[in-house]
Amino acid sequence: MKLTAQVKLCPSPEQAKTLLATIKAANNAANFISEWMWQNRTFAMYATQKALYYRIKDEFGLSAQLVIRVISKVADAYKLDKKRKRIFRAHGSIAYDSRILRWYQARNEVTLSTLAGRERISYQSDERSRRLLLSQQGETDLLLKDGSYYLNTTVNAPEPEVGEPQGFLGIDMGIVNLAVDSEGNVYSGSLVKSIRHRNKRLRTRLQSKGTRAARKLLHKRKRKESRFATAQNHIISKSIVRTAKALGHGIALEELGGIRDRVTVRKQQRSTLHSWSFFQLRGFIEYKARLAGVSVRVINPRNTSRTCPLCGCIDKANRKSQSQFLCISCGYAAPADMNAAVNISRAALVSQPYLSKPLQPVLVQKTRARFQAKAAAL
């Protein structure tokens, strides 16, 4: 499985200037190449290399392999879309391969090509990154972020064999509760929501103030909210995968792609909806599950919040409020998110996405007792 390991470079002041000059030169070269490709309508890497290789090398002072990496960067960008000219930021990341970057993990050092030649720079990494670097393979990106230099490199993480699950742990994702599983575990979104609202009010005050100190504080807090939300998604996804593995279950998720285009909300709720990072949470769950050998299945979310798990009744009136589910047919009541999670777990077990038949009477009684016990405990 391909993962990304990140380490922080610790260059000297002179090395930092050299790295910055290299990044600027590479991105200036990328913009020059992009302009040539756009004007000549030639987007193939090898045709561009044949036409511009020596010119780029002489004008921008890049080494031979850095020139190849920059041309490849521009060509890859045009593979996505040839209808719009690509423009690269002056401090955008640049790619290195094994010919121009080498790892010395025993000494926590790397050597990489720059405008001033080969530089040896030490780096800092956590235990997880050091473990991942043992299987490093592929390209490495050099990036500048908030005044610090980082290397993001590709690693091959071993994947255990995924066995046949005994059942599925259904996960209902939302805004009020970031995730609720079919075992009754609730991962509330109140903390994330309150911090987002606090940061929004703080940003508004600082932007309206407009002083140098206010701008400095705004820059200091840049991406702080995003880092917090990412950390919360890591915590939640780890817990979900750990629960599924302990139970011998797979994980069932809803397919929520395009939900922002399908859902209409009031103006006051737009910022909350568009800051909802469910796609990131789903990605974290999927890759952590693969590393743990846990199966993941994605289902159609249609009617999962309106279906009664006991009698199979599907009705919009079953959802009394955001937090409560009450079946109009059999009277079964439960927290709405947990009820949806149960329906998601069942949908993953069968080929049909929804229950079409009522459960047997004995099973109904057992299931009702189990759900009511979980609902009482919440």
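The values are calculated or read from the model by the stated rules, or taken from the named source; none is laboratory data. Because the structure is a prediction, the values reported are computed rather than measured. All Cβ positions, glycine included, derive from the backbone under ideal geometry; neighbour counts span all protein chains shown.
From the list R107, R131, the lone residue that is closer than 17 Å to T4 by Cα and not aliphatic (A, V, I, L, M) is R131. Within this structure, F43 passes the test of being touching a Phe, Trp or Tyr at 6+ places or on another chain (Cβ under 7 Å) and surrounded by 14 or more Cβ atoms within 10 Å (Cβ to Cβ). Of all residues in the stretch 244-273, those satisfying the criterion of being touching a strand residue (DSSP E or B) at 6+ places or on another chain (Cβ under 6 Å) and modelled with pLDDT of 90 or more are A244, H249, G250, I251, A252, L253. Applying the set (1) of a type outside the set (S, T, Y); (2) under 30 Å from K224 (Cβ atoms); (3) surrounded by 13 or more Cβ atoms within 10 Å (Cβ to Cβ); (4) touching a residue at least 60 places away in the same chain (Cβ under 8 Å) to P165 leaves exactly one unmet item: (2).
Residue check: I175 meets all listed conditions (1) part of a loop (DSSP other than H, G, I, E, B); (2) in contact with a strand residue (DSSP E or B) (Cβ under 8 Å, 6 or more places away or on another chain); (3) aliphatic (A, V, I, L, M) but one, namely (2). Of the helices (runs of 4 or more DSSP H) contained entirely in the stretch 190-263, those carrying at least 3 residues that are touching a residue at least 60 places away in the same chain (Cβ under 8 Å) and under 21 Å from G170 (Cβ atoms) fall at 224-247. Has the stretch 316-328 got at least one residue that is within 26 Å of R242 (Cβ to Cβ) and crowded, with 20+ Cβ neighbours inside 10 Å? Within the stretch 316-328, none of the residues are within 26 Å of R242 (Cβ to Cβ) and crowded, with 20+ Cβ neighbours inside 10 Å. When both residues are 6+ apart or on different chains and their Cβ atoms are under 9 Å apart, which pairs have a first residue that lies in the stretch 51-73 and is within 15 Å of F88 (Cβ to Cβ) and touching a residue at least 12 places away in the same chain (Cβ under 8 Å), and a second that is of a type in the set (V, I, T) and assigned to a loop (DSSP other than H, G, I, E, B)? Note: pairs meeting the criteria are L66/I100; R69/I100.
Do we find that S321 is part of a loop (DSSP other than H, G, I, E, B) and under 30 Å from H234 (Cβ atoms) in this structure? No, not satisfied.
List every residue pair whose Cβ atoms lie under 9 Å apart, where the two residues are 6 or more positions apart in sequence or sit on different chains, the first residue falls within the stretch 274-303 and is modelled with pLDDT of 90 or more and acidic (D, E), and the second residue, located anywhere, is crowded, with 17+ Cβ neighbours inside 10 Å and outside any helix (DSSP H, G or I). So the pair list comes out as E286/I251; E286/L253; E286/V296. Restricting the stretch 193-230 to residues that are outside the structural domain of A340 (by TED's automatic domain parsing) and hydrophobic (A, V, I, L, M, F, W, C) leaves a set whose member that is modelled with the lowest pLDDT is I195.
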